[in-house]
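All remarks here apply to the structure that follows.
Read-outs throughout are calculated quantities, based only on the coordinates presented, and are distinct from any laboratory measurement. Quick caveat, the model's predicted, so the values are computed rather than measured.
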Amino acid sequence: MSSLPNRSMTRTLADTVASRVSAAGMSFQEWSGRRILLANLVVLAVVACFALLYRSAAALFILFVGISLGMAVKPGVEWLRRRGIRRWAGALAIYAALGCLCAGVLMLAVPVIADQAATLVARAPTTSNECGPSCSPPRATPSGASPGICRPRWSAAARPRST
């Protein structure tokens with residue numbers, strides 16, 4: 001004897017859906033072959049659209065950024081056009097100003113970041129020696145603590161109090 005019921009779970013579910021659809025006034029028996037084919041084609045078209053969207057996400061992102069920049073620059077271009085500067089020259093001037101602004105920010109930020117990175121690299125050996133045995137190699141921890149992070153070693157006098 002089999003321990004499985006006489007009707008499969010899938011068949012029971014299909015019958016339930018069919019009874020609810022027929023109660024709504026439409027049964028699956030009314031579907032012609034042409035209508036079933038059309039429904040399958042619609043499903044395939046939706047899947048193809050999502051696949052196309054997934055494949056062209058980078059190009060769509062670039063297009064979105066371009067349109068956004070164009071819309072952001074348009075008021076400035078129109079302001080310059082009203083003052084007698086051609087549209088293409090106004091747009092070029094605004095993009096040149098934005099490029100100079102970005103270059104200036106990079107010129108200010110890169111030396112600071114490079115200096116901090118050099119300091120971090122120079123301090124790495126002493127920091128790892130100070131940690132000593134409390135610095136564990138990366139491994140899974142049952143307590144959920146982040147692996148590989150140096151934990152401070154407190155003396156009995158300097159240990160933080162639990163409240």
For Ser8 and Leu41, calculate 0.36 nm times their separation in residues minus their Cα-Cα distance, and state this gained length in nm to one decimal. 9.0 nm
Compactness index (Cα Rg / 2.2 N^0.38 Å), the range 30-124: 2.05
